[in-house]
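Any read-out appearing in this document is the output of simple, stated calculations on the displayed coordinates, not a laboratory observation. What you see is a predicted model; the values in this text were computed from it and never measured.
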Amino acid sequence: MAVPKKKTSKSKRDQRKAVWKRKAALSAQQALSLGKSVLNSPKENRSFRHPQDEVEEDEE
């Protein structure tokens, strides 16, 4: 028969929530930093971006 698990304490719950929020805040900060660097860096210095392939058309 199924038995309910023990109740998680408030401190443990709050600790897990704090870790989750800290990870989310760090990810948001890194994304914002990356976006700012893309906008402010010269085109020659964008090593993390893949160049778009030029579509070659067949001349007829």
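Quick one: 3J(HN,Hα) in Hz for segment 3-13, Karplus 6.51/-1.76/1.60 with θ = phi - 60°, rounded, Gly and Pro as x.
The phi angles translate into 10, x, 6, 5, 5, 6, 5, 4, 5, 5, 4 Hz.
Applying the Karplus parametrisation 6.51 cos²θ - 1.76 cosθ + 1.60 with θ = phi - 60° to the phi angles of segment 24-41, what ³J(HN,Hα) value in whole Hz is obtained for each residue in order, glycine and proline being reported as x?
Here the 3J(HN,Hα) series is 5, 5, 5, 5, 5, 5, 5, 5, 5, 5, 5, x, 5, 5, 5, 6, 9, 8 Hz.
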